[in-house]
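Enquirer: Here it is, the structure in full.
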Amino acid sequence: MVIGLVIHASHRAVFADAARTLAGVTFEWVVYEHEDAVHDLVDALLTQQGVDGLLLGPVPYAKCRDLLPADLPVAILRSAGLDLSLALFKALARGWRPTPVSIDTYDIQTVADVVQALELDPTEVICLPYDPEQSLAEIVAFHRETAARTGADYAISLRTAVAAELQGDLGVLGGLPGPATLRAQLHELALRVQSRQASALRFAAGVFLVDKVGPERDLDRARVGLMNLLVNTPGFADAWIEDRGSRGLVVFAHQALFEQATGSWVSLPTLGQARDILGIRVAAGFGVGASARSCLHLAERAAARAEQEGRPSAYLIEDSGVIIGPMSPAGSAVTFTYRDHTAEVEQLAGEVGLSATTLSRLIAVERTLEGRAISPSDLAQHLGITDPSGRRLIRKLGDAGLVAIQGSTQMHRKGRPAQLYKLCISNAMERQ
C-alpha cells in the first residue's frame with residue numbers, strides 16, 4: 001500500500017513520528033515550502049509514482065483538488081479539539097492570557113466545543129473558518145485587526161505562511177495536529193484503502209448475450225466473433241472467458257477489472273465495437289457476490305434486464321441489492337485489435353518472452369498511436385496496468401529491439417524528464 005503525504009517542510013518531523021506506527025505502508029512524501037508549489041508537486045506524484053491514498057491539509061487540498069481522481073481515497077487533515085486545547089494551554093505556559101484570541105482555519109464547531117469544555121468566554125474567542133477563496137493577506141489582516149481591537153497577546157493559526165507574516169508583530173501558536181491526531185487519521189485512511197483494495201479483489205462475473213436475430217448459424221458466428229472481440233480487447237485480457245449457451249459468453253474476473261473496463265460502471269465500449277465491427281447487438285450484465293454461483297446468477301439477471309432496453313446496454317447487480325445501469329456503449333477503446341493470434345504473433349511473443357495476448361494488445365496500441373512516441377506511464381494507461389509494470393514492459397521490449405528511444409519530455413516543472421519511446425513491433429512482425 002502506498003500513501004502520499006502532502007505536508008509543509010516544517011511539519012515533516014511530526015508526520016514522520018506518526019507515520020512510523022503503520023506497518024506494511026510505503027509513504028511518498030510531497031514536501032513544499034510554499035503553497036503555490038503544491039499543484040505541480042502533487043501532479044508529479046500522481047503521474048510518475050501513483051498512490052493508493054492521499055493525506056493532506058485543507059490548504060494543499062484546495063490547491064490540487066482538480067488533479068485528484070474521483071476514486072482515490074483522500075483524507076483531509078483536520079485539527080482535533082485536543083490540538084486546540086494544547087495550543088491554549090501552551091499560551092498559558094508562556095505567560096499569555098488564553099483569551100482573547102483569534103483563531104483561523106479551525107472548524108467552528110470544534111472551537112465551540114473546546115471553549116465550552118474549558119469554560120472560556122465565547123465572546124473572546126474569534127474564529128475565522130477556512131475558506132479556500134481567502135488570501136493570505138486577508139487572514140493576516142484578520143489577526144491584526146482582532147489583536148488591535150481586543151488586545152490579544154497571541155493568535156492561533158494552522159497556516160505556516162500566516163505565522164511568518166505575523167512574526168515580530170504578534171505571538172503565534174501553530175495548533176498543528178499532534179502525533180495522536182495524525183496517527184488516527186493515517187490509520188483511518190489506511191483502513192479505507194485496504195477496504196477498497198479488498199472490494200476490488202472481490203470475485204465478479206459478466207454475461208454477454210447476442211441479440212436473438214437470424215438463423216442459428218448466424219448466432220454461432222456472432223458468438224464466436226464476440227468471443228474474439230473480448231479476448232483481444234485490452235480491458236479483458238486477464239479475464240476468463242467461455243461460452244454460455246448458444247448465444248452468450250460468461251466472463252469471470254476480479255471486480256476491479258470490470259470497473260476499469262466500464263469506467264466505474266458508466267460505459268462499456270465493447271458494446272459499441274460489437275455493433276460497429278461485428279454488426280450485432282449485445283446486452284451485458286455484471287454480478288458481484290459472495291461466490292461464483294451468486295455472481296453468475298446476478299450477472300444473468302443483469303443481462304436479462306439489459307436486453308429489455310432494446311439497444312446495446314449493460315447493467316450491474318450486486319448482492320447488496322445495488323443496481324447500476326444502463327451503461328452506454330460510448331467510451332474510448334483501442335481502435336485496432338487482432339481477431340486471433342497468427343503464427344507470426346505466437347513466434348515473436350515466444351522470442352520476446354511475452355504472451356501472445358499481451359503482444360497483440362501492444363500491436364493494437366502501436367497502430368492506434370500511428371507513429372507517435374509514448375512514455376512508459378502512457379503505455380501503462382493504454383494497457384490498464386500499473387506504471388511500474390509499464391516501465392518493466394518497456395525495458396523488455398527494449399531488450400528485444402521492439403521500441404526505439406525518441407527523446408524525452410519534461411511533463412512537470414519539477415522532477416525528472418520522462419523518456420519517450422516509439423513502438424516498432426509491426427516492423428518486427430514483417431520480418432518474421
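The values are calculated or read from the model by the stated rules, or taken from the named source; none is laboratory data. Everything numeric in this text was worked out from a predicted model, so none of it was measured. When we count neighbours, we look across all protein chains shown, and the Cβ atoms used for this are built from the backbone with ideal geometry, even at glycine. Ligands, DNA and RNA are excluded from the accessible area calculation, which covers all protein heavy atoms including side chains. Shrake-Rupley method; radii C 1.70, N 1.55, O 1.52, S 1.80 Å.
Enquirer: Taking amide H atoms as placed 1.01 Å from N in the peptide plane, list the residues 5 or more away in sequence, or in a different chain, whose amide H sits under 5 Å from that of Cys127.
Expert: Hits under the 5 Å cutoff: Ile103.
Enquirer: Which whole-Hz ³J(HN,Hα) couplings does segment 221-230 yield from phi under the Karplus relation 6.51 cos²θ - 1.76 cosθ + 1.60, θ = phi - 60°, glycine and proline marked x?
Expert: Ordered by residue, 3J(HN,Hα) equals 5, 5, 5, 5, x, 5, 4, 4, 5, 5 Hz.
Enquirer: What's the local net charge at Val140, with K and R +1, D and E -1, over the other residues with C-beta under 12 Å away? Don't skip to the answer; put the middle values down first.
Expert: On the way: positive: Arg144, Arg159; negative: Asp104, Glu138, Glu145, Glu165, Asp169.
Combined, the nearby Lys, Arg, Asp and Glu give -3.
Enquirer: With only Lys, Arg, Asp and Glu charged, each at its Cβ (+1 for the first two, -1 for the last two), find how big the charge dipole of the chain is about the Cα centre; round to the nearest 20 debye.
Expert: Working: 40 positive and 49 negative charges, 207 e Å.
Roughly 1000 debye, rounded to the nearest 20.
Enquirer: Starting from the residue with the highest accessible area, list Lys90, Lys396 in decreasing order, probe 1.4 Å.
Expert: Per-residue accessible area, sorted high to low, gives Lys90, Lys396.
Enquirer: Another question, if that's okay. Taking H as built 1.01 Å from N, whose amide H comes closer than 5 Å to the amide H of Gly171, not counting residues under 5 places away?
Expert: The answer is Ala155.
Enquirer: Can you run phi through the Karplus equation (6.51, -1.76, 1.60; θ = phi - 60°) for segment 128-137 and list ³J(HN,Hα) in whole Hz, with x for Gly and Pro?
Expert: So the J values, rounded to whole Hz, are 10, x, 5, 9, x, 7, 6, 7, 4, 4.
Enquirer: Post the alpha-carbon centroid distance, segment 246-305 to segment 70-88, in whole angstrom.
Expert: Taking the Cα centre of segment 70-88 as reference, the centre of segment 246-305 is 41 Å away.
Enquirer: Using Cα-Cα distances under 8 Å and only pairs 6 or more residues apart, what relative contact order does the chain have, in percent?
Expert: 11
Enquirer: Also: For Gln134 and Gln406, what does the FRET efficiency come to when R0 = 51 Å and r is the distance between their Cβ atoms, rounded to the nearest 0.05?
Expert: After rounding, the FRET efficiency stands at 0.65.
Enquirer: With each label point set 7 Å from Cα along the Cα-Cβ vector, what nm distance links Leu67 and Glu119?
Expert: Going from the Leu67 label point to the Glu119 one covers 4.9 nm.
Enquirer: I've got another one for you. Once you list every other residue whose beta carbon is under 15 Å from the beta carbon of Phe89, what net charge do they have if Lys and Arg are +1 and Asp and Glu are -1?
Expert: Counting the neighbours of Phe89, the net charge comes to 0.
Enquirer: Would you mind getting me the FRET efficiency between Arg20 and Gln260? Use the beta-carbon distance for r and R0 = 51 Å, nearest 0.05.
Expert: Plugging the Cβ-Cβ distance into 1/(1 + (r/R0)^6) gives 0.90.
Enquirer: Let me ask another. Quick one: putting +1 on the C-beta of Lys and Arg, -1 on the C-beta of Asp and Glu, what dipole do you get for segment 31-79 around its Cα centre, in Debye to the nearest 20? Numbers along the way, then the final one.
Expert: Values: 3 positive and 8 negative charges, 45 e Å.
Approximately 220 debye in magnitude.
Enquirer: If you count, for each residue, the other Cβ atoms within 10 Å and average over each peptide, how do 93-106, 65-78 line up from highest to lowest?
Expert: The most tightly packed comes first, giving 93-106, 65-78.
Enquirer: Leaving out ligands and nucleic acids, note down the accessible area per residue over the chain with a 1.4 angstrom probe, in whole Å².
Expert: On a per-residue basis, 48 Å².
Enquirer: Nothing charged except the Cβ atoms of Lys and Arg (+1) and of Asp and Glu (-1): what's the magnitude of the dipole of segment 201-290 about its Cα centre? Round to the nearest 20 debye.
Expert: 160
Enquirer: What percentage of the solvent-accessible surface of the chain, computed with a 1.4 Å probe over protein heavy atoms, is contributed by carbon and sulfur atoms?
Expert: Values: 10420 of 20790 Å².
The C+S portion of the solvent-accessible surface of the chain is 50 percent.
Enquirer: Looking at the chain, what % of its DSSP beta bridges pair antiparallel, to the nearest 5? Could you put the intermediate results ahead of the total?
Expert: Details: 27 of 58 bridges.
Of all bridge pairs located within the chain, approximately 45 percent are antiparallel.
Enquirer: Follow-up. For semi-axes √(5λ) of the Cα gyration tensor in Å, pick the label among (i) 54, 27, 17; (ii) 61, 21, 19; (iii) 48, 40, 16 that corresponds to the value derived from the coordinates.
Expert: Among (i) 54, 27, 17; (ii) 61, 21, 19; (iii) 48, 40, 16, the one calculated here is (i).
Enquirer: Give the peptides 250-260, 182-192 in descending order of average Cβ contacts within 10 Å, highest first. The partial results should precede the final answer.
Expert: Working: 250-260: 19.5, 182-192: 17.6.
Averaged packing, sorted descending, gives the order 250-260, 182-192.
Enquirer: Further question on the same structure: Enter the angle in degrees (range 0 to 90, nearest 10) between the Cα long axis of helix 387-399 and the first principal axis of the Cα atoms of the chain, meaning the one along which they spread out most.
Expert: Tilt of helix 387-399: around 50 degrees.
Enquirer: Tell me what the chain gives for mean residue ellipticity at 222 nm when only DSSP H runs of n ≥ 4 count, each as -39,500 (n - 2.57), the sum divided by the residue total, rounded to 500 deg cm²/dmol.
Expert: Helices in the chain give a 222 nm mean residue ellipticity of -13000 deg cm²/dmol.
Enquirer: Using θ = phi - 60° and the Karplus curve 6.51 cos²θ - 1.76 cosθ + 1.60, what whole-Hz ³J(HN,Hα) does each residue of segment 310-315 get, with Gly and Pro shown as x?
Expert: Those phi angles translate into x, 8, x, 7, 8, 10 Hz.
Enquirer: Continuing with this model, one more query. Out of residues 5 or more away from Ala152 or on other chains, whose amide H comes under 5 Å of its own, with H placed 1.01 Å from N in the peptide plane?
Expert: Amide H to amide H, under 5 Å and 5 or more residues apart or across chains, Ala152 pairs with nothing.
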